[in-house]
Amino acid sequence: MSLIDAVHGGLRMTGEGRKRREERIDKVIINVAEEVMLNVFGRRGLESIIRVLRERYGLDLDEMPDKPHIFSEALHEIIGVSSVIIEDLIIENLYMRLGLELRWKRGYKFPDYVNEVKNYISLNLRKVSE
């Protein structure tokens, strides 16, 4: 079963079904980001980053798929230039998890890739539902 099939989950293209599919896509993105940061920083480091995101930037990790630019800026301010490496790892793992081919694009940044994944999955879900 492809990821698109798993996200689609046989739901009809109603407003509620669309919302549930978007939530599934977001959950995949959140899980990948959390796994990458856990592997790099460990449990305590991840918890510290999540706490700072929430307290200083008003961003919960579950909001990251809808606010990737805020996440990216906050991560850069928290850990510095190393944030680019973490973002690249998240993107690489996300594309791999979704079975998509990653093509690095000049001028693209973390938010662009997150939005591209969300748009690609949504577009393909629409095609499957039609």
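Bear in mind that the values in this text are calculations on the coordinates, not laboratory data. Remember, it's a predicted structure, so these values are computed and weren't measured experimentally. Cβ coordinates were reconstructed from backbone atoms using ideal geometry, including for glycine residues, and neighbour counts include every protein chain displayed.
Condition (residue is surrounded by 15 or more Cβ atoms within 10 Å (Cβ to Cβ), without any contact (Cβ under 8 Å) to a residue 60 or more places away in the chain, assigned to a helix (DSSP H, G or I) and under 13 Å from the mean Cα position of the chain (by Cα)) applied to the stretch 48-60: is it met by at least one residue? Steps first, answer last, please.
Just the residues of the stretch 48-60 that are surrounded by 15 or more Cβ atoms within 10 Å (Cβ to Cβ), to begin with: 49-50, 52-53, 57, 59.
Subsequent filtering for residues that are without any contact (Cβ under 8 Å) to a residue 60 or more places away in the chain retains 49-50, 52-53, 57, 59.
Adding the requirement that they be assigned to a helix (DSSP H, G or I) leaves 49-50, 52-53, 57.
In the following step, the residues that additionally are under 13 Å from the mean Cα position of the chain (by Cα) were identified as none.
No - not one qualifying residue is present in the stretch 48-60.
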Would you call residue 83 surrounded by 18 or more Cβ atoms within 10 Å (Cβ to Cβ), within 20 Å of residue 39 (Cα to Cα) and in contact with a Pro (Cβ under 8 Å, 6 or more places away or on another chain)? no
Conditions (1) of a type in the set (Gly, Ala, Ser); (2) crowded, with 17+ Cβ neighbours inside 10 Å; (3) closer than 14 Å to residue 28 by Cα: number failed by residue 72: (3)
Within the stretch 113-123, which residues are more than 11 Å from the chain's Cα centre (by Cα) and either closer than 20 Å to residue 69 by Cα or surrounded by 16 or more Cβ atoms within 10 Å (Cβ to Cβ) (or both)? 119, 120, 121, 122
For the stretch 93-106, does any single residue satisfy the condition of being part of a helix (DSSP H, G or I) and closer than 14 Å to residue 37 by Cα? yes
